[in-house]
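What follows is a short report on a single structure.
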Amino acid sequence: MPFDTTASANAAFAAAQRARVLTLSTTAFTLLFAVWLMLGMLSIKIKPELGLSDGQLYNLTIAAILSGSLLRLQFGVWTDRYGGRRVMTALILFTVLPTLLVSRVTTYSELLICAVLYGIAGNSFSVGIAWNAAWFPREKQGTALGIFGAGNVGASITKLFGPFLIAAVPAAGFLDGLVPGGWRFVPVVYTSLLLLLAAAVWFLAPREDRTPARGRALSELVVPLKHSRVWEYSLHYTVVFGAYVALSSVLPQYYFDTYGRDLAARLALDQRLIADFDTIRGLKGDAFTTYTAANPQVKADLDHLTRWIGLLTAICFVFPASLLRPVGGWLSDRFSASGVMAAVFWGLIASGIVLSLPLGLNVWGFTSALFLLGVGMGVGKASVYKMIPDHFPRDVGAVGGLVGLLGALGGVILPLAWVAIPGSTFPALLVLSMLSAAWFASSAMLVRNGVCLSPSYGADSQPAVPLRVDG
């Protein structure tokens with residue numbers, strides 16, 4: 001009986017520790033993801049104020065995405081070696097200063113430097129994946145990683161709350177401008193939250209962290225990367241995550257440019273805004289400021305239109321593409337990750353066809369198809385990352401880091417393709433989805449024919465060495 005009581009107490013204590021890791025990592029990822037992609041919504045205000053061109057706006061987006069992508073493999077390895085508590089806290093603290101400096105920029109060059117530095121926040125995904133995989137047993141990893149991955153919803157925070165903060169805070173700010181107003185108030189809020197979050201992660205996370213890769217040579221950690229499944233999963237993740245990042249960054253401006261006039265008319269906004277929409281859209285810098293100062297009703301309606309665009313982007317794309325990730329993880333645990341992924345591809349291709357063909361969709365038709373696309377991405381992101389511990393149980397940090405790196409790079413490559421080929425936003429995504437689905441189907445056929453596409457860790461596919469702890 002004492003043995004049973006002790007075992008039960010130990011199990012409860014371990015479950016409580018896992019819950020703390022999951023809660024803190026998900027909260028951290030949500031906020032850091034919001035910081036990583038904050039320019040997506042703020043660009044509607046920043047572009048005319050700083051007089052940015054479309055090319056400069058894409059450069060800023062790409063700089064932040066690259067910075068949050070290229071180090072994902074290394075951050076995954078560091079987490080497996082040194083523990084998620086240490087690595088996540090350090091990452092949050094590094095992000096604080098460049099986030100604050102965004103509120104003070106006056107030129108494109110200054111904003112570009114800040115984007116490169118605060119963009120490091122995007123690497124928090126690899127940290128959280130490796131941290132949670134080290135703490136959760138295999139039968140619960142799909143659900144845990146799905147819940148953590150729902151932190152992608154951070155992309156909607158600026159879209160939902162940014163326009164309201166901008167409208168609520170006086171343009172002059174507070175304390176004689178020490179705390180700036182307008183769009184500049186948003187990064188100040190994020191800075192304060194980052195400081196609180198760093199303290200929470202450091203003081204509330206389990207001090208005896210799990211470090212499964214401690215003592216293993218880097219050459220051993222990267223051996224699994226030679227297997228074809230790693231690169232296949234990277235392409236799948238490019239479709240469900242890289243494209244999600246790219247669309248989250250450009251959708252507010254896409255909505256404004258493509259459906260802004262239609263939406264303004266449906267919202268019964270000022271007739272001058274509707275009649276002069278193309279002219280207003282082309283104004284930059286002082287010309288935009290002068291026009292809105294002379295037409296206060298147009299300025300007020302532009303703010304109202306911006307809030308609606310933020311709501312549509314968040315609720316009809318970011319939410320399903322983020323909040324359904326736990327559902328995808330649960331389905332992958334309950335059934336199989338590969339079966340869920342097959343269904344995802346059907347949904348992605350169907351919505352991609354609707355969005356790519358010249359069907360003359362109005363704003364509500366477009367938004368409905370976009371919602372279906374978001375559902376597929378949300379479920380698909382979880383199923384991809386459930387397949388990683390299924391096939392690479394000892395190397396989740398390295399494999400998950402590389403898959404995350406290459407997937408996130410899709411968030412860079414796709415916008416470049418969209419700029420190079422006007423009108424290719426959704427056709428390019430459709431082609432990529434079809435190529436990924438073809439690779440998925442061919443791999444399934446090879447496995448059925450007895451071909452091994454991933455390393456063997458033994459019959460039970462559990463780690464061959466016990467997990468170490470690092471206090």
**Item:** Index of the failed condition, GLU49 passing every other in (1) more than 18 Å from the chain's Cα centre (by Cα); (2) over 23 Å from ASP303 (Cα atoms)
**Value:** (2)
**Asked** Taking helices (runs of 4 or more DSSP H) that do not extend beyond region 284-369, which have at least 1 residues that are without any contact (Cβ under 8 Å) to a residue 12 or more places away in the chain and closer than 26 Å to PHE148 by Cα?
**Response** 325-334, 337-356
**Request:** Taking PRO98 as meeting all but one of (1) surrounded by fewer than 24 Cβ atoms within 10 Å (Cβ to Cβ); (2) in contact (Cβ under 8 Å) with a residue 40 or more places away in the chain, write down the number of the exception.
**Result:** (2)
**Request:** Inspect region 385-393 for any residue being closer than 30 Å to GLY260 by Cβ and of a type in the set (A, V, I, L, M) and give the result as yes or no.
**Result:** no
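Table: residues versus (1) under 24 Å from the mean Cα position of the chain (by Cα); (2) surrounded by 16 or more Cβ atoms within 10 Å (Cβ to Cβ); (3) over 26 Å from ASP209 (Cβ atoms).
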{"site": "ALA9", "(1), (2), (3)": "no, no, no"}
{"site": "ALA14", "(1), (2), (3)": "no, no, no"}
{"site": "LEU71", "(1), (2), (3)": "yes, yes, no"}
{"site": "ARG85", "(1), (2), (3)": "yes, yes, no"}
{"site": "THR106", "(1), (2), (3)": "no, no, yes"}
**Positions within region 290-311 being surrounded by 15 or more Cβ atoms within 10 Å (Cβ to Cβ) and not aliphatic (A, V, I, L, M), in sequence order** = TYR291, THR292, ASN295, LYS299, ASP301, ASP303, HIS304, THR306, ARG307, TRP308, GLY310
**region 49-88: number of residues that are part of a loop (DSSP other than H, G, I, E, B) and touching a helix residue (DSSP H, G or I) at 6+ places or on another chain (Cβ under 7 Å)** = 6
**Message:** Filter region 410-431 down to the residues that are crowded, with 20+ Cβ neighbours inside 10 Å, aliphatic (A, V, I, L, M) and over 14 Å from LEU355 (Cα atoms) and list them by number.
**Reply:** VAL412, LEU414
**Request:** Could you check how many residues of region 179-226 are modelled with pLDDT of 80 or more, under 25 Å from TRP135 (Cβ atoms), out of contact with any strand residue (DSSP E or B) (no Cβ under 7 Å at 6 or more places or on another chain) and of a type outside the set (Gly, Ala, Ser)?
**Result:** 10
**Asked** Within the bounds of region 118-127, is there any residue that is touching a residue at least 24 places away in the same chain (Cβ under 8 Å), more than 19 Å from the chain's Cα centre (by Cα) and surrounded by fewer than 23 Cβ atoms within 10 Å (Cβ to Cβ)?
**Response** no
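The values are calculated or read from the model by the stated rules, or taken from the named source; none is laboratory data. Given the structure is predicted, the values throughout are model-derived calculations rather than measurements. Note that each Cβ is placed from the backbone with ideal geometry, even for glycine, and that neighbours are counted across all protein chains shown.
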